[in-house]
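Each value in this text was obtained by applying a stated rule to the coordinates, not by laboratory testing. Quick caveat: nothing in here was measured; it's all calculated off a predicted structure. Note that we place each Cβ from the backbone using ideal geometry, even for glycine, and neighbour counts take in every protein chain shown.
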Amino acid sequence: MPKPLDRDTALKIYYTMLKIRFFEDTIRELYYEGKKPVFNIAAGPIPGEMHLSAGQEPAAAWMVAHLKKGDMVFGTHRAHHTAIAKGVDLKKMAAEIMGKSTGLGKGKGGHMHLFSKEAGFGCSGIVGAAFPQAVGAGLAFKLLGRDNVAVAYGGDGAANQGQFHEALNLAAIWKLPVIFIVEDNRWAISVPKKYSTAVAKNSDRAVAYNIPGVFVPDNDVVAMYEAAGEAVERARRGEGPTLIEIETYRLYGHFEGDPQHYRPKEEIEEIKRKDPIKRFRNLLMDKGWLDEELDKKLVEDAKKEVMEAIEFAKNSPYPSVEEALKDVYAPFPETGLPVIEEIKGRKLPMYQAIAEAIAQEMERDPKVFVMGEDVGVYGGIFGATYGLYKKFGGERVRDTPISEIGFIGAAVGAAAAGMRPIVELMFADFLGVTLDPIMNHMSKNYYMSGGQIKMPIVVTTAIGGGYSDAAQHSQVLFTTFAHFPGLKVVAPSNSFDAKGLMIASIRDDNPVIYMFHKGLMGLPWMPYPETAITEVPEEPYIVPIGKARVVREGSDVTIVGAAMTVHHALAAAEKLKDLGIDAEVIDLRTIKPLDVDTIVKSVEKTGRLLVVDEDYKSFGLTSEVIASVVEKAFDKLKVPPRRIAYPDIPIPYSRPLEQYVLPNAEKIINAVKEMMGK
Ligand SMILES: Cc1ncc(C[n+]2csc(CCOP(=O)(O)OP(=O)(O)O)c2C)c(N)n1
Ligand SMILES: [Mg+2]
């Protein structure tokens, strides 16, 4: 049990509530400057949408009593109260809300994306995203042996998201130090909880995950102090997560400018009458802990603190426009590792080369860990984590339930807490069920935080067809991933590159999507081209991300491929030799960032470009490579560039159908012959 509320703590909580309210009311006033009498969202000193948390102070103010340095809080789109209670610098926060250069994210995140590494705070405009991220931070604390806790916030609307349920289950099975807080303010925009939610109380949903579920009624700040205190103590003792639902009230609209026609007038009157700050003030007065004079002082101090922050923000300059282009990627750190170009060492299948790279990095750095479905005892269904479980055990080589958004969202939180997670998405085709943490969080948090929060995550995933696994287990999807700014995408074609690229991916401070082709892994039960299995040095080394390799030199035509298509190109080049055609073959190795220079250099020599890809044809890698070359070396092309890609159709099951549509050496030979006029 947390100690009963004493005077000092109560006053601290009261002061925090005052500060939150003044902040929100001042922001509200400023928000409408220039937006009246006709509402124009693009006018005034504060841009964008504005979701205020006035009225919901009790859900956050307890933090000043129970949280300590190193604890982390993951907030929502309505996050000002949680950020202030967690001790985020008020000046930088106000500046961020106004889009100024002195803001937390240098004006690139805005009011829904407030990040403070120093304060251990982050939030997201994606409803429900905080839950798995807090799981990841909780997991990080557990793996690092720290007694910190992670707190996740979500509204009554967010509690109907799948990721809420995946997160609760993960935290429960792993007994993580996480406190899940559902702020039930009755509404998800205009949709009432009574309509959207099958249970009367979200806290009852804890039963399904075998964890305590606590209901805090009527925006009661003291009850919240007690419930949160107990949950934090339990988490610090290593006894696992708690779900707390607080019945709270949103004083204003969902966003500023919300007409609120869906909301009964009486409800707003009731909420004003039950203002939690007034009620707490009365309680403190009744207890003799507060008098008029002290109250006046606290009010003045809180106003002063807020006004100083607002003035700071107002007087700060806007960022220079070039700032928009910065902080997309963190720089690659100095590793001291050799960049080996010569393929040498022992012959290893690609899956063992990958596992060896991960093992060497795990031995070196306790922050590296692996999680995913069947990555443990099984060693990954395509062997990428072969032998790791035996070496490092189930804590660091962690099997997950089938909860892709849960554990990949957790990787985001773990990275924010300082870990370097490797997460396996069993098949790239399953991207659909986990896209959000990849496209909206790991890819953007560095940028939105103005370069504060690094996301050193490796997402490994199996790609490719050729063995009749049909439309949902055979896709390549290079450019689906590569489309998102902030991600890097690599795709080794052989064992040597696989090890070097894996080490580079783990050492990279950015999220890297590491795509391994199933048909290149060297698995005993799946056919593979002999050229995929190469020698691999025993020592750690790097294959630099963003560097293609000329795998065969030639003077007549440049054939560009990645992963499996490199082997088709090599086979074709051998046959073309007999026809007197000398083909140069480039293995991209990295899809993003694309090594345009190496391709252009080759085209300058050959004057002919053929791009071969196993991903879908339209809006894909082939068009990207061709466009990049045309932009830089159009005048060097003797004939129009050509492409062979997977057609824009789902992947068929039947063997002859699949073989008909996949790229192969024969298609390459025919295309090159045409380009050569033969
Ligand atoms: C995944 C996702 N779906 C929908 C939205 C649009 N949206 C933003 S806030 C919101 C309502 C959220 O309700 P709740 O979780 O109860 O939080 P509250 O706004 O009441 O604080 C919706 C639908 C979003 N931002 N993210
Ligand atoms: Mg709500």
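Which of L294, L588 comes first, and how do the rest follow, when ranked by fewest Cβ neighbours within 10 Å?
Numbers: L294 14, L588 29.
Ranking L294, L588 by Cβ neighbours within 10 Å, fewest first, gives L294, L588.
Amide H to amide H, which residues 5 or more places from A188 or on other chains are under 5 Å from it, using H placed in the peptide plane?
Result for A188 returns K193.
If amide hydrogens are placed 1.01 Å from N in the peptide plane, which non-local residues have theirs closer than 5 Å to the one on M455?
For M455, no residues qualify.
Once amide H atoms are placed 1.01 Å from N in the peptide plane, what residues at a sequence separation of 5 or more from S53, or on another chain, have their amide H within under 5 Å of its amide H?
H80, H81
Would you list E230, E118 from fewest to most Cβ contacts within 10 Å? Write down the numbers at each step before the final one.
Values: E230 18, E118 13.
By the 10 Å Cβ count, ascending, the order reads E118, E230.
Can you list the residues of the stretch 39-72 with backbone N under 14 Å from a point 7 Å past the Cα of K274, pointing along Cα to Cβ?
Under 14 Å, as judged by backbone N against the label point of K274, lie 55-59 of the stretch 39-72.
Quick one: if you stick a label point 7 Å off each Cα along the C-beta vector at E239 and L11, how many nm between them?
3.2 nm
Any idea how many Lys pairs in the stretch 263-329 come in under 24 angstrom at the alpha carbon, given 8 or more places apart or on separate chains?
21
Restricting to bridges with both residues inside the chain, how much of the DSSP beta-bridge set is antiparallel, in percent to the nearest 5? Mind showing how you got there, number by number?
Details: 10 of 67 bridges.
Given both bridge residues lie in the chain, the antiparallel proportion sits at roughly 15 percent.
For E292 and S654 in one chain, what is 0.36 nm times their gap in residues minus the Cα-Cα distance, to one decimal in nm?
On the way: separation 362, 0.36 × 362 = 130.32 nm, distance 8.17 nm.
Roughly 122.2 nm would be gained on extension.
Residue separation times 0.36 nm, minus the C-alpha to C-alpha distance between I343 and V550: what's the value?
73.2 nm
Please arrange Y514, Y646 by how many other C-beta atoms lie within 10 Å of their C-beta, fewest to most.
Going from sparsest to densest Cβ surroundings: Y646, Y514.
Report the full-extension gain for the segment E539 to S468: residue separation times 0.36 nm, less the Cα-Cα distance, to one decimal in nm. Write down the numbers at each step before the final one.
Working: separation 71, 0.36 × 71 = 25.56 nm, distance 3.69 nm.
Length difference between fully extended and current span is 21.9 nm.
What are the ³J(HN,Hα) couplings of the stretch 224-229, residue after residue, when phi is run through the Karplus curve with 6.51, -1.76, 1.60 and θ = phi - 60°? Round to Hz, x for glycine and proline.
In residue order, the calculated couplings are 5, 4, 6, 5, 5, x Hz.
Chymotrypsin sites (Phe, Trp or Tyr not before Pro) within the stretch 601-663: which are DSSP loop residues with at most 16 other Cβ atoms inside 10 Å?
On the way: sites: Y616, F619, F634, Y653, Y660; in loops: F619, Y653.
Answer in residue order: F619, Y653.
Cross-link candidates for K390: which lysines have Cα within less than 24 Å, leaving aside residues fewer than 8 places away along the same chain?
K142, K175, K347, K367, K499, K518
By DSSP, what percent of the beta bridges with both residues in the stretch 169-310 are antiparallel, rounded to the nearest 5? Don't jump to the answer; show the numbers that get you there.
Numbers: 2 of 12 bridges.
If I count the DSSP bridges inside the stretch 169-310, around 15 percent turn out antiparallel.
Can you give me the distance in nm between label points at V191 and A208, each placed 7 Å from the Cα along the Cα-to-Cβ direction?
1.5 nm
For the chain, rounded, prolate or oblate, judged on the Cα gyration tensor with a ≥ b ≥ c (square roots of eigenvalues), a/c < 1.5 rounded, else prolate if a/b > b/c? Show your work: numbers first, answer last.
On the way: a/c = 2.46, a/b = 1.96, b/c = 1.26.
Verdict is prolate for the chain.
Hey, got a sec? Which trypsin sites (Lys or Arg not before Pro) in the stretch 298-400 land in a DSSP loop and have at most 15 other Cβ atoms within 10 Å? Kindly include the intermediate steps, with their values, before the conclusion.
Numbers: sites: K303, K304, K314, K326, K344, R346, K347, R364, K367, K390, K391, R396, R398; in loops: K326, K344, K367.
Listed in order of number, the matching sites are K326, K344.
Report the FRET efficiency, 1/(1 + (r/R0)^6), for E29 and I402, where r is their Cβ-Cβ distance and R0 is 56 Å, rounded to 0.05.
Working: r = 49 Å, r/R0 = 0.87.
E(calc), rounded to 0.05, equals 0.70.
In whole angstrom, note down how far apart the Cα centers of the stretch 567-644 and the stretch 480-518 are.
Each part's Cα centre sits 20 Å from the other's.
Which residues among the stretch 451-493 fall inside the zone where the amide N is under 16 Å from a point 7 Å beyond the Cα of L325, along Cα→Cβ?
Inside the label zone: 486.
Taking the alpha-carbon centroid of each part, what is the distance from the stretch 11-28 to the stretch 39-97 in angstrom?
So the two Cα centres are separated by 10 Å.
Please list, by residue number, everything in the stretch 561-578 whose backbone N is under 20 Å from a paramagnetic label point 7 Å out along Cα→Cβ of N670.
Label zone hits: 561, 565-578.
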